[in-house]
Amino acid sequence: MSSTAITGIATLVTNDPSLGGGSPRSGTFESGGGSPLGLLRDAAVVIDGDRVVWTGASSEVPAADHRVDAAGRTVIPGFVDSHSHLVFAGDRTDEFNARMSGRPYSAGGIRTTVAATRAASDAELEANLTRFLTEALRQGTTTIETKSGYGLTPEDEARALRLAARHTDEVTYLGAHIVAPEYADDPAGYVDLVTGRMLDACAPHARWIDVFCERGAFDGDQARAVLTAGRARGLHPRVHANQLTHGPGVQLAVELDAASADHCTHLTDADVDALANSRTVATLLPGAEFSTRAAWPDARRLLDAGVTVALSTDCNPGSSFTSSVPFCVALAVRDMGMTPDEALWSATAGGAAALRRTDVGRLAPGARADLVLLDAPSHVHLAYRPGVPLVTGVWRRGVRVL
Ligand SMILES: [Zn+2]
């Protein structure tokens, strides 16, 4: 193994509050405490093999085999995108175009993608998946979760998970995305399939189980049946909750100690209280509200209540076809009441919390060496300069991949 020292970092985001402060309220950066970002100025980081081994002042950097001069730029932990749907074929350009043009559109939404995905070969699906993973990596995402949910048969769901597991450890079984078209008149029969033969086929390939708990998809009782069946097979729950309407998803997520309740756009005070008094992370997915012209989730309300918040892309061909975490950070700051510090924390450490990971989403000794070099003097530029490709370097597991 060889070590690399990255020096001359104007702003190093560690997400370790014991190492440093946060953004300035008036002029100069604080040093020591005060912000979960743990910012260090004029800093350096040393990586050895796939781990971070040292962080501190650039002037005190220990010797290393290689040296990279950040030249006054910013280093942040790689983004942890804890919610995406990347195993699919086809796209839904016409549906998006109609929605944005104010025209009615009556094609089948998710069903359109299910048909295209079932018809695709393994090679086509895997080529699509790797294309989107590369796209995400170029934008600074070094850990990504992805789901099945466009197969909806035991064979097609298991295939999606097998393909996903070749590329990421964070694989989620989402047979309960919608009721499969073949079961339109027998939703109870479909839940039996999802919790029975389909689960048997899928459990070996996944870490997580998810359900779309929403009017028109699965109600609270069906969602509970899906998640408890998965849990009995060793899968950990996460929930698509309260996206389009108030519903039981958030309360169910908390009741089952789900790692995350995702979307959280329509919440009652009781939902917010339940999240605040739980280990369940609220994962906000503003790409979905952007792409459907829907009301934003209220991040400020959740943060003020003490809820742990993650920010992710929800990358999927229907309602949020972006793989860009920086874009989501900018939306969260502009429209959801998050500060630039909070949004970056949520897109890194927050995403790690939503996946119950402690090795990623931070840059302190012992953490995985997943680093992003931003062509900017501070991380605030992620929101200050929206849409600008600021990511100029990416290390994943200690290897420079960009
Ligand atoms: Zn989703």
Any chance D200 is out of contact with any helix residue (DSSP H, G or I) (no Cβ under 9 Å at 6 or more places or on another chain) and either under 23 Å from P237 (Cα atoms) or not in a helix (DSSP H, G or I) (or both): no
Leading residue by the ranking (nearest to R368 (Cα to Cα)) among those in the stretch 90-110 that are away from the ligand (no atom under 16 Å from the Cβ) and among the basic types (K, R): R99
Lone qualifier among L163, L152, L193 - being touching a Lys or Arg at 6+ places or on another chain (Cβ under 9 Å) and under 29 Å from T280 (Cα atoms): L152
Conditions (1) out of contact with any Lys or Arg (no Cβ under 7 Å at 6 or more places or on another chain); (2) within 30 Å of E289 (Cβ to Cβ); (3) crowded, with 23+ Cβ neighbours inside 10 Å; number of the one not met by V171: (1)
Verdict on T113 being of a type in the set (S, T, Y), modelled with pLDDT of 95 or more and touching a Pro at 6+ places or on another chain (Cβ under 6 Å): yes
Hey, T142 among the β-branched types (V, I, T) and either in the same structural domain as N15 (by TED's automatic domain parsing) or buried (at least 18 other Cβ atoms within 10 Å of the Cβ) (or both) or not: yes
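Give the residue, chosen from V87, V114, V75, that is touching a Leu at 6+ places or on another chain (Cβ under 6 Å), among the hydrophobic types (A, V, I, L, M, F, W, C) and either in the same structural domain as A369 (by TED's automatic domain parsing) or more than 16 Å from the ligand (Cβ to nearest atom) (or both).
V75
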Of the criteria (1) free of Cβ contacts under 8 Å to residues at least 40 places away in the same chain; (2) touching a strand residue (DSSP E or B) at 6+ places or on another chain (Cβ under 8 Å), which one D262 fails: (1)
Residue in the stretch 174-188 that is closer than 17 Å to P317 by Cβ, within 19 Å of the chain's Cα centre (by Cα) and surrounded by 22 or more Cβ atoms within 10 Å (Cβ to Cβ) present: yes
Restricting the stretch 132-167 to residues that are of a type in the set (D, E, K, R) and closer than 17 Å to R396 by Cβ, the residue that is nearest to the ligand (Cβ to nearest atom): E145
Any hit, the stretch 291-302, residues being more than 14 Å from the ligand (Cβ to nearest atom), aromatic (F, W, Y) and in contact with a Gly (Cβ under 9 Å, 6 or more places away or on another chain): yes
Candidates A282, A232, A274, filtered to the one that is under 20 Å from the mean Cα position of the chain (by Cα) and either of a type in the set (G, A, S) or not assigned by TED's automatic domain parsing to the domain that holds Y173 (or both): A282
Enumeration of residues in the stretch 356-402 that are part of a strand (DSSP E or B) and among the hydroxyl-bearing types (S, T, Y): T392
Residue match in the stretch 337-348 (condition: within 16 Å of the ligand (Cβ to nearest atom), among the small types (G, A, S), more than 30 Å from E95 (Cα to Cα) and crowded, with 22+ Cβ neighbours inside 10 Å): no
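For residues that are assigned to a strand (DSSP E or B) and under 16 Å from H381 (Cβ atoms), scanning just the stretch 58-76, find the one that is nearest to the chain's Cα centre (by Cα).
Taking the stretch 58-76 and keeping what is assigned to a strand (DSSP E or B), we get 66-69, 74-76.
With under 16 Å from H381 (Cβ atoms) added as a condition, the list becomes 74-76.
Working: T74: 22, V75: 20, I76: 16 Å.
Per the stated criteria, the residue is I76.
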Single unsatisfied condition, P326 versus (1) within 26 Å of N128 (Cα to Cα); (2) of a type outside the set (A, V, I, L, M, F, W, C); (3) over 19 Å from the mean Cα position of the chain (by Cα): (3)
The stretch 304-323, subset within 12 Å of the ligand (Cβ to nearest atom) and assigned to a strand (DSSP E or B), residue nearest to I144 (Cα to Cα): C315
Matching residues in the stretch 40-57 - criterion: being charged (D, E, K, R) and assigned to a strand (DSSP E or B): R41, D42, D48, R51
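The values are calculated or read from the model by the stated rules, or taken from the named source; none is laboratory data. Just so you know, these numbers come straight off a predicted model, no measurement behind them. No Cβ is skipped: glycine too gets one built from the backbone with ideal geometry, and neighbour counts run over all protein chains shown.
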